[in-house]
Amino acid sequence: MNLQFYIEKLKNSDVFKNFMKENPNAFACSGFFVIDKNGKEGDKQHFDFWIPESKKLMSFQLENMQLIPLENFGEISDRISLEQDIDFEKVERMIEERMMKEGIKKGIQKMLFSLQLKNKKNFLVGNVFVPTLGLITAIINLEDMKIDEFKKKSFMEMINVFKRKK
């Protein structure tokens, strides 16, 4: 799938149309995507919108087309562009190629992506789950369509870090 498919689904929904009619100054500030390769929980797509007048953050959950209020952690001014096209299969191939270069031979179980603005550029921040409790963090620069950061961790490493902090 690609991002434009989900954006069209959002923009064509009555829930979104009514929301924008009531909140014409609202803007997209983040997107969240779950790609479940095992098919156990299913894929999910959420788009978050900031309403400047009421200082509220609302999330559109596309899998059930619901509008959910989110916790607000302060003023939001970053607008993400919904006018870009991201092919999630291409992003997955990029991650798999990097995994091979890094000697990670295990397949992908689940991918979590957050569409964010960083230094006035759109990025996908990804957490990729692999078998044997592995986690890969990848930050993808959408302007250049390249991986800027790539780190592999195991859950055991993270648990040890938490134990040391106590």
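Just so it is clear, none of the values below were taken in a lab; they were calculated from the coordinates. Predicted model, so just to flag it, every value in this text is computed and none were measured. Cβ: placed from backbone, ideal geometry, glycine included. Neighbour counts: every protein chain shown.
Label-to-label distance, residue 85 versus residue 37, with points set 7 angstrom from Cα along the beta-carbon direction: 2.6 nm. GNM remark for the chain: springs join alpha carbons under 10 Å apart, and the peak mean-square fluctuation among 136, 108, 68 falls on 68. The convex hull built on the alpha-carbon positions of the chain has an orientation-averaged projected area of 11.3 nm². Exposure proxy ranking for 92, 63, based on other Cβ atoms within 10 angstrom of each Cβ and starting from the fewest, stands as 63, 92.
Comparing 150, 113, 129 in a Gaussian network model of the chain, where Cα atoms under 10 Å apart are tied by springs, the biggest mean-square fluctuation is seen for 150. Would you list 130, 15 from fewest to most Cβ contacts within 10 Å? By the 10 Å Cβ count, ascending, the order reads 15, 130.
Sorting 137, 132 on the 10 Å Cβ count, fewest up front, what's the list?
Arranged by neighbour count, lowest to highest, 137, 132 become 132, 137.
Of all lysines in the structure, those lying under 26 Å Cα to Cα from residue 17, and not within fewer than 8 positions of it along the same chain, are 9, 44, 55, 56. Taking 122, 141, 18 as the candidate residues, the one with maximal mean-square fluctuation in a Gaussian network model of the chain, Cα springs under 10 Å, is 18.
Taken along the Cα-to-beta-carbon direction at a fixed 7 Å, the label points for residue 54 and residue 112 span 2.8 nm. Using alpha carbons only, the radius of gyration of the stretch 20-114 set against its Kirkwood radius gives Rg/Rh = 1.07. Determine the distance separating the Cα centre of the stretch 1-50 from the Cα centre of the stretch 76-90; give it in Å without decimals. Between the Cα centres of the stretch 1-50 and the stretch 76-90 lies a distance of 11 Å.
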